[in-house]
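K.L.:
Okay, here's the structure, questions in a sec.
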Amino acid sequence: MECDFISIKDLTLEEIEEIFTLTHQLKRDPEGFHKALEAKTLALIFEKPSNRTYVSFSVGMYQLGGNSIYLGPEQIKLGIRESIKDVAQTLSRYVEAIALRTSAHENVLEMARFATVPVINGLSELEHPCQALADIYTLREKLGDIKGKTLSYIGDGNNVCNSLMHICSKMGMNMNVAAPLGYEPHSGVLKEVNLFHQPQEAVKGADVIYTDVWASMGHEKETGVRKKAFGGFQINKNLTGLAKKGALIMHCLPAHRGEEITDEVIDSDNSIVFDQAENRMHVQKAILIKLMGDKK
Ligand code: CP
Ligand code: NVA
């Protein structure tokens, strides 16, 4: 594994399997790893809000015998109070890894360029790689062999969608994406999926239906415009009825219930959204050990 974790593109299939094997061990025997990162510290620089990413990294570090420090938007003020380059070099003298949640993907790359410790992408505008790894791990738990299965992503072609596209392609899953015109995924990943503009077309034959909010963090001002553009892209009973019987329902959370997904669907027996959330922590513990653990 490279010394940073910034994009799903950074991982080979073999490395993904290694992370999943370690994740499985961590879930089965958490006690066995309670000193894995003893006396090590992870800095969590968050320029945006978070529940799952922040809590799962913090608790994960604690469970591995280490420590984490939260640096919110008011503390570091990346690029305003101090350059990313100087923050990276300073923090590298104190901590053993840095997780960064920011807007511009370039910020994560710059942090990694100047940090001498591993940098983890905790979400950028372009990717949410920790989410995608946890999602596929969860699907493997639920479905066993996922090769050849179809995941249909309905909604905004955003960070979550981009990372899913990369990982589905690596894992041999088919991915359909239905996004309104102008909200398609990043062009660099489009060759990896079947693109639709009608959700009804995209969910046909789906084993899994995935969605995310219509207005991601930083795009709140566009909420009104986006609600109009995404009308018809809601995951509801009518839409899920067109997928395979028993198709699993996924959402990275937080969900805007009643917008991109109805209560009825997200609370249904087929919904695995909280398993995804739980697995964020297990998968990230594996990533932390791979990046921060003593290299034998
Ligand atoms: N899915 C996810 O990353 O959630 P948070 O924004 O709450 O961290
Ligand atoms: N696409 C969402 C994901 C949140 C976990 C956002 O960027 O806000």
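K.L.:
What does the helix-only formula give at 222 nm for the chain: each DSSP H stretch with n ≥ 4 adding -39500 (n - 2.57), the total divided by the residues, and the result rounded to the nearest 500 deg cm²/dmol?
P.N.:
Theoretical 222 nm ellipticity from helices: -11500 deg cm²/dmol.
K.L.:
Can you tell me what the convex hull of the Cα atoms of the range 214-287 projects to on average, as an area in nm²?
P.N.:
Values: hull surface 24.7 nm².
Value for the range 214-287: 6.2 nm².
K.L.:
Nearest 20 debye, what's the magnitude of the dipole of the chain about its Cα centre given +1 on Lys and Arg Cβ and -1 on Asp and Glu Cβ? Could you put the intermediate results ahead of the total?
P.N.:
Values: 33 positive and 39 negative charges, 12 e Å.
The dipole of the chain has a size of about 60 debye.
K.L.:
Relative to the longest principal axis of the chain, what angle (0 to 90°, nearest 10) does the C-alpha long axis of helix 159-171 take?
P.N.:
Once rounded, the angle reads 90 degrees.
K.L.:
Now for a separate question. Where does each of Ile154, Ile69, Ile80 land when they are ranked from fewest to most other beta-carbon atoms within 10 angstrom?
P.N.:
Details: Ile154 28, Ile69 16, Ile80 8.
Starting with the residue having the fewest Cβ neighbours, the order is Ile80, Ile69, Ile154.
K.L.:
What percent does the relative contact order of the chain come to when contacts are Cα pairs within less than 8 Å and at least six residues apart?
P.N.:
19
K.L.:
Using 0.36 nm per residue, how much length does the chain from Gln89 to His186 gain when fully extended, once their Cα-Cα distance is taken away? Don't skip to the end; give the middle numbers.
P.N.:
Details: separation 97, 0.36 × 97 = 34.92 nm, distance 3.09 nm.
Taking Gln89 through His186 to full extension adds about 31.8 nm, to one decimal.
K.L.:
Roughly how large, in nm² to one decimal, is the mean projection of the convex hull of the alpha-carbon atoms in the range 1-141?
P.N.:
Hull-based average projected area comes out at 8.2 nm².
K.L.:
In degrees, nearest 10, range 0 to 90: what is the angle between the Cα axis of helix 273-292 and the longest Cα principal axis of the chain?
P.N.:
Helix 273-292 sits roughly 30 degrees off the main axis of the chain.
K.L.:
Could you work out the relative contact order of the range 8-147, using alpha carbon pairs under 8 angstrom and six or more residues apart, expressed as a whole percent?
P.N.:
21
K.L.:
Here's something else I'd like to know. Looking at the range 1-57, which trypsin sites (Lys or Arg not before Pro) are in a loop (DSSP not H, G, I, E or B) and have at most 11 other Cβ atoms within 10 Å?
P.N.:
Numbers: sites: Lys9, Lys27, Arg28, Lys35, Lys40, Arg52; in loops: Lys35, Lys40.
Sparse-neighbourhood loop trypsin sites (Lys or Arg not before Pro): Lys35.
K.L.:
Rank these for me by crowding, Thr211, Thr102, going from fewest to most other beta carbons within 10 Å. Mind showing how you got there, number by number?
P.N.:
On the way: Thr211 29, Thr102 24.
Taking fewest neighbouring Cβ atoms as first place, the list is Thr102, Thr211.
K.L.:
Normalise the Debye intensity by I(0) for the range 125-179, one equal point scatterer per Cα, no solvent, then take log10 at q = 0.17, 0.19, 0.23, 0.29 Å⁻¹ and round to two decimals.
P.N.:
-0.48, -0.59, -0.86, -1.25
K.L.:
Please give every one of the aspartates and glutamates within straight-line cross-link reach of Lys35, meaning a C-alpha to C-alpha distance under 14 Å, and leave out same-chain neighbours fewer than 8 residues apart.
P.N.:
By straight Cα distance, Lys35 reaches Asp294.
K.L.:
What number do you get for the chain when its Cα radius of gyration is normalised by 2.2 N^0.38 Å, N = residues? Each step should come with its number before you reach the end.
P.N.:
Working: Rg = 18.7 Å, N = 296, 2.2 N^0.38 = 19.1 Å.
Ratio of Cα Rg to 2.2 N^0.38 Å: 0.98.
K.L.:
Something else: What ranking do Leu100, Leu64 get, fewest neighbouring Cβ atoms within 10 angstrom at the top? It would help to have the intermediate numbers written out before the result.
P.N.:
Numbers: Leu100 28, Leu64 23.
In increasing order of surrounding Cβ atoms, one gets Leu64, Leu100.
K.L.:
What whole-number value in cubic angstrom gives the convex hull volume per residue for the C-alpha atoms of the range 18-72? Walk me through the intermediate numbers first.
P.N.:
Values: hull volume 4.6 nm³, N = 55.
Hull volume over Cα atoms, normalised by residue count, gives 83 Å³.
K.L.:
Quick check: residue separation of Asp267 and Glu222 times 0.36 nm, minus the Cα distance between them. What number comes out in nm? List each step's numbers first, then the result.
P.N.:
Details: separation 45, 0.36 × 45 = 16.20 nm, distance 2.73 nm.
Computed gain between Asp267 and Glu222 is 13.5 nm.
K.L.:
So, in nm, how far is label Lys9 from label Arg257 when the simple model puts each one 7 Å beyond its Cα toward the Cβ?
P.N.:
Placing both labels 7 Å beyond Cα along the Cβ direction yields 3.8 nm.
K.L.:
Strictly over 26 Å apart at the Cα level, which of Lys142/Lys228; Lys204/Lys227; Lys40/Lys85; Lys48/Lys221; Lys170/Lys204; Lys191/Lys295 would you flag in this model?
P.N.:
On the way: Lys142/Lys228 34 Å; Lys204/Lys227 24 Å; Lys40/Lys85 22 Å; Lys48/Lys221 15 Å; Lys170/Lys204 22 Å; Lys191/Lys295 37 Å.
As for pairs spanning more than 26 Å Cα to Cα, those are Lys142/Lys228; Lys191/Lys295.
FYI, it's all coordinate maths here, none of it is from the lab. Bear in mind that the values here come from a model prediction, so they are computed numbers and not experimental data. Methodologically, a virtual Cβ is constructed for each residue, glycine included, from the backbone with ideal geometry; neighbour enumeration extends over all protein chains shown.
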